[in-house]
Amino acid sequence: MTEVRPAVEDDVAELVRLRALLFETLGGDFFNPASADPAWRGTCAAVLTEQLAHDGARILVVDGEDGLAACAIGTTEVRVPSPHLPRGRVGNVLGVVTDPAHRRRGHSRALMRELLGWFREHGVDRVDLHASREGEPLYRDLGFTDHPDPSLYWRP
């Protein structure tokens, strides 16, 4: 059985390792550009350390034999309420990652179930995520569906 726990400050280096693994796995110029400044890892560590103490973020982990086996990060944000967001609260899943040596053991599912419970406790109207092809079946099984709006982005 997978044991999920909240991350602590001592986990930050491993969280950065797993986050880098996510982008390496996704690959391509968008997720892992060759021109990326390696300093992003230090910035990532600083932000994760801040988020550990923030009520609007939840970072969950599964321990492996040597370091973390998996992690999941969730955040909440407040938007202007609307008919489809009556409280204006949206949850975001920002990276569910399992180390390749620990895959196919139910870690991602256990992390997501815990994270979805946290979102419910925080009264979110909707939870958004971007799924990899490999992760999409899990998220659909947990009740995620296609978003009606196209997903676009802009970089300044």
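The values are calculated or read from the model by the stated rules, or taken from the named source; none is laboratory data. What you are looking at is a predicted structure, and each value in this text was computed from that prediction instead of being measured. When we count neighbours, we look across all protein chains shown, and the Cβ atoms used for this are built from the backbone with ideal geometry, even at glycine. Please note that ligands, DNA and RNA were not included when accessible areas were found on the heavy atoms of the full protein model with its side chains. Shrake-Rupley method; radii C 1.70, N 1.55, O 1.52, S 1.80 Å.
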Notebook entry, point to check: Taking the condition open to solvent by 70 Å² or more (accessible area, probe 1.4 Å) and within 15 Å of the chain's Cα centre (by Cα), does Arg17 pass?
Noted result: yes
Check: Within the range 140-156, can one find any residue that is under 26 Å from Asp11 (Cα atoms), in contact with a helix residue (DSSP H, G or I) (Cβ under 7 Å, 6 or more places away or on another chain) and either buried (at least 18 other Cβ atoms within 10 Å of the Cβ) or not basic (Lys, Arg) (or both)?
Finding: no
Notebook entry, point to check: What residue, among those in the range 119-156 that are farther than 23 Å from Pro6 by Cβ and part of a helix (DSSP H, G or I), is nearest to the chain's Cα centre (by Cα)?
Noted result: Glu136
Note to self: Condition first: farther than 15 Å from Leu26 by Cα and among the charged types (D, E, K, R). Now tell me which residues in the range 123-137 satisfy that.
What the structure shows: Asp125, Arg126, Asp128
